[in-house]
């Protein structure tokens with residue numbers, strides 16, 4: 001039972017922070033694996049923002065698990081949180097630098113942030129790591145050719161100036177986990193496909 005306002009807690013009872021509520025019962029905590037499964041189920045139902053919250057909890061419990069970071073990054077990306085997705089995919093690549101999917105997803109996140117030159121680098125790495133992936137090759141192809149002037153066409157912010165034929169970096173539908181395996185025709189985001 002919570003003490004009334006202004007009444008000190010009983011001896012041996014930690015004070016309750018009103019912002020956090022009572023401390024969780026250790027027996028009621030979900031494991032990182034349970035949170036991962038719950039987050040994946042939410043993402044499968046296209047509840048990406050809710051999945052990101054649950055998967056964020058899993059990532060706090062297991063910050064060095066690539067499977068959790070990948071699922072979290074996908075949920076963040078598909079809920080429109082591209083900067084946080086970029087950060088998450090960068091953390092994934094710190095753990096597994098040879099993750100072809102990590103490079104692909106980071107490239108797609110950077111593309112959504114307007115950082116096309118950096119996106120191109122990671123998409124090229126993804127294609128080099130998995131040359132048979134039509135998904136990765138299609139994403140690189142849709143990004144278009146590099147700017148003709150190279151670094152001279154970069155502004156002070158380090159972002160590539162877009163020419164009229166570059167198109168909108170956000171064009172095309174964003175795939176979710178439901179993207180069909182091997183499909184790459186209209187995909188422009190980090191939906192997982194098995195090539």
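Ranking 143, 135 by Cβ neighbours within 10 Å, fewest first, what do you get? Intermediate values should be presented prior to the final figure.
On the way: 143 22, 135 27.
Least crowded to most crowded, the residues run 143, 135.
Taking every alpha-carbon pair under 8 Å whose residues sit at least 6 apart, region 31-97 reaches a relative contact order of 28 percent.
Relative to the present Cα-Cα distance, how much length would full extension add between residue 141 and residue 37 at 0.36 nm per residue of separation?
34.1 nm
Taking all Cα pairs closer than 8 Å and separated by 6 or more residues, the relative contact order of region 98-144 comes to 38 percent. Take the Cα of residue 124, step 7 Å toward its Cβ, do the same at residue 98, and the gap between the two points is 2.1 nm.
May I ask you to compute the full-extension gain from residue 46 to residue 83, defined as 0.36 nm times their residue separation minus their alpha-carbon distance, rounded to one decimal in nm?
Values: separation 37, 0.36 × 37 = 13.32 nm, distance 1.97 nm.
Fully extending the segment from residue 46 to residue 83 adds 11.4 nm.
Enclosing the Cα atoms of region 26-109 in their convex hull gives a volume equal to 78 cubic angstrom per residue.
What do you get when you divide the Cα radius of gyration of region 98-144 by 2.2 N^0.38 Å, with N the number of residues? Mind dumping the intermediate values first?
Numbers: Rg = 9.1 Å, N = 47, 2.2 N^0.38 = 9.5 Å.
The value comes to 0.96.
Residue order for 29, 38, 116, 148, fewest other beta carbons within 10 angstrom first, comes to 148, 29, 38, 116.
Put in line by how crowded their Cβ is, counting other Cβ atoms within 10 Å and starting with the fewest, 98, 79 read 98, 79.
Where a number appears in this text, it was derived from the coordinates with a stated rule and is not lab data. Every value quoted in this text rests on a predicted model; they were computed, and no experiment measured them. Please note: Cβ atoms are built from the backbone with ideal geometry, for glycine as well, and neighbour counts cover all protein chains shown.
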